[in-house]
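Report on one structure; see the data block that follows.
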């Protein structure tokens, strides 16, 4: 899986919102995480349409989380800005079908999506903000080769 800039920026901006009790402007979000403001504004629009953030216009306006940080998962954020977690040639993994020696490949694609869900749908913004990560995340990150690039 490749994490897009959209997803990375969305999570980083939302972490700022998760730790701030007041409205935060798009400009401040961009500055605090060193993100391109115009690109971030488009991402925040996607997050607003997905009911992850709410906005208030005007001089005292800005963004804030629509729900508590403990209720917003990374999976929800990624889906809001990038769509489904796992696609195979633009299709859902379970919609793929292969003949011959590749006939069991859809099972692997579905398992890959399930593994992504296990991590991304159990990790919330609050988990990230506090460092209290789910056990599955800690276990996977502590695997001997987890931090090695292959």
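Every number here is computed from the coordinates shown, using simple stated rules; none is lab data. Computed from a prediction, not measured in an experiment: that's the story for all the values here.
When the helices of the chain are scored as -39500 (n - 2.57) per DSSP H run of n ≥ 4 and the total is divided over every residue, the value at 222 nm lands at -14500 deg cm²/dmol.
When the Gaussian network model of the chain links Cα atoms closer than 10 Å, the mean-square fluctuations of 60, 33, 94 top out at 60. The angle between the Cα long axis of helix 37-49 and the main principal axis of the chain comes to about 70°, on a 0 to 90 degree scale.
Which of rounded, prolate or oblate describes region 38-90 when judged by the alpha-carbon gyration tensor and an a/c cut-off of 1.5? Judged from the Cα gyration tensor, region 38-90 comes out oblate (a/c at least 1.5, b/c at or above a/b).
Label region 6-81 by shape, choosing from rounded, prolate and oblate, from the square roots a ≥ b ≥ c of the eigenvalues of the Cα gyration tensor; if a/c is under 1.5 it is rounded, and otherwise prolate applies when a/b is larger than b/c, oblate when it is not. Could you put the intermediate results ahead of the total?
Working: a/c = 1.43, a/b = 1.17, b/c = 1.22.
Rounded is the answer for region 6-81, as its axis ratio a/c remains below 1.5.
The relative contact order of region 5-141, computed from alpha carbon pairs under 8 Å that lie at least 6 residues apart in sequence, is 25 percent. When a/c is below 1.5 the answer is rounded, else prolate if a/b is larger than b/c, else oblate, so apply that to region 45-123 with a ≥ b ≥ c taken from the square roots of the Cα gyration tensor eigenvalues. It is prolate, given that a/c is not under 1.5 and a/b is the larger ratio. Compared with the dominant Cα axis of the chain, that is its longest principal axis, helix 105-120 is turned about 30°.
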